[in-house]
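Asks: Submitted below is the structure of interest, expressed as C-alpha cells.
The values are calculated or read from the model by the stated rules, or taken from the named source; none is laboratory data. These numbers were taken from a predicted model, which means no experiment stands behind them. All Cβ positions, glycine included, derive from the backbone under ideal geometry; neighbour counts span all protein chains shown. Only protein heavy atoms, including side chains, enter the accessible area calculation; ligands, DNA and RNA are left aside. Shrake-Rupley method; radii C 1.70, N 1.55, O 1.52, S 1.80 Å.
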Amino acid sequence: MIENKCENRGQHCEDMRAAFEHRATWCYTLINEARKKGLDYDFAREAILACGRFHGDHKYTKTDDLMVFAPEFANQNVVDIFEMEVLRADDKNLDIDFHYCPLVNAWKKLGVPEDEIATLCDIAMDGDRGIISTFPKFRFELGETIAKGDKVCQIRISKTAE
C-alpha cells in the first residue's frame with residue numbers, strides 16, 4: 001500500500017488537493033449547465049484538449065527525451081497530491097499509477113452518478129492527452145481508472161520508434 005504522501009507533506013499538499021477539488025467542482029457545474037442547454041460532452045473534450053496543448057507548448061521543455069519530460073510531468077507536488085507511484089521512468093517508458101484522485105473525490109461529494117464520473121474523468125484526461133500530443137515522439141495510454149472503480153489510474157507514456 002502506498003502511504004498517503006499528502007498527509008505526510010502537510011497543509012500545503014492538503015490545500016492543493018482542495019484546489020483540485022474546487023476545479024473539479026466548477027468543471028462539473030459548467031459541463032452540467034451546458035448539457036442542460038443542449039450541448040453534449042464534445043465541447044468540454046475539445047476545450048480540455050486545447051488547454052492540455054497550451055500547457056504542453058508553454059509549461060514543458062520541448063524534448064523527445066522521456067527522462068527530461070518525466071520529472072516535469074511527475075513533479076513532487078503532483079506526486080504527493082495524487083499519491084503517484086512512478087513504476088518505470090526510462091528512455092522508452094514513463095509508467096505511473098495514481099492511488100488517489102481529488103477530482104473523483106469532488107465528483108463523489110457532489111453526488112455525480114458513477115457512470116458520469118467515468119466520463120468526466122476521461123474528459124479531464126484529455127488535458128494529459130493534449131500535453132502529450134505536443135510531443136511528436138511520445139504516445140499516451142490510459143489504462144485502469146479510479147473513476148471506473150479500479151484501485152489505481154494507470155498512465156503510460158511511451159516513446160515511439162525513431
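Asks: Expected output is a single nm value to one decimal: the length gained when fully extending between PHE43 and GLU14, i.e. 0.36 nm times separation in residues minus the C-alpha distance. What is it?
Replies: Numbers: separation 29, 0.36 × 29 = 10.44 nm, distance 3.09 nm.
Extra length from PHE43 to GLU14 when fully extended: 7.4 nm.
Asks: Run the accessible area of segment 60-143 with a 1.4 Å probe and give the carbon-and-sulfur part as a rounded percent. Kindly include the intermediate steps, with their values, before the conclusion.
Replies: Values: 1820 of 3710 Å².
Carbon with sulfur: 49 percent of the solvent-accessible area.
Asks: Can you tell me the alpha carbon radius of gyration of segment 84-162 divided by the globular rule-of-thumb value 2.2 N^0.38 Å? Could you put the intermediate results ahead of the total?
Replies: Numbers: Rg = 13.6 Å, N = 79, 2.2 N^0.38 = 11.6 Å.
Rounded to two decimals, the normalised Rg is 1.18.
Asks: Also: Just order 80-86, 155-161 by mean Cβ neighbour count inside 10 Å, highest at the front, would you? Walk me through the numbers before you get to the answer.
Replies: Values: 80-86: 19.9, 155-161: 16.1.
The densest-packed peptide leads the list: 80-86, 155-161.
Asks: At 1.4 Å probe size, with no ligands or nucleic acids counted, give the accessible surface of GLU46 in Å², nearest ten.
Replies: Around 120 Å² of this residue is reachable by solvent.
Asks: How far apart, in nanometres, would the label points at ARG156 and GLU33 be if each is projected 7 angstrom from Cα along the Cα-to-Cβ direction?
Replies: Going by the 7 Å Cα→Cβ label model, 4.0 nm.
Asks: While we're looking at this one, here's another question. Taking the chain as the region of interest, what is the percent of Cα-Cα pairs per 5 angstrom bin, listed from the shortest bin to the one with the maximum distance?
Replies: 2, 9, 16, 21, 22, 16, 10, 4, 1, 0
Asks: If you roll a 1.4 Å probe over the heavy atoms of the protein chains, what accessible area per residue do you get for segment 7-68, in Å²? Mind showing how you got there, number by number?
Replies: Working: 4240 Å² over 62 residues.
Averaged over the residues of segment 7-68, the accessible area is 68 Å².
Asks: Can I ask one more? Bin width 10 Å, origin at 0, all Cα-Cα pairs of segment 103-148: what percent of pairs per bin?
Replies: 26, 45, 23, 6
Asks: Tell me the per residue accessible area of segment 81-162 using a 1.4 Å probe; a whole number in Å² is fine. Present the calculation step by step, with values, prior to reporting the outcome.
Replies: Details: 3830 Å² over 82 residues.
Result: 47 Å² of accessible area for each residue.
Asks: Next question, about the same structure. In Å and whole numbers, how far do the C-alpha atoms of segment 14-66 stretch along each principal axis, longest first?
Replies: For segment 14-66, the Cα extents along the three principal axes come out at 43, 30, 15 Å.
Asks: Now for a different question. State, as an integer percentage, the relative contact order of segment 55-162 based on alpha-carbon contacts under 8 Å between residues 6 or more apart. Don't skip to the end; give the middle numbers.
Replies: Working: 160 pairs, mean separation 31.8, N = 108.
It comes to 29 percent, rounded to a whole number.
Asks: Calculate the FRET efficiency for ASN105 and ARG139 from the Cβ-Cβ distance with a Förster distance of 30 Å, rounded to the nearest 0.05. Don't skip to the end; give the middle numbers.
Replies: Numbers: r = 29 Å, r/R0 = 0.96.
The computed FRET efficiency comes out at 0.55.
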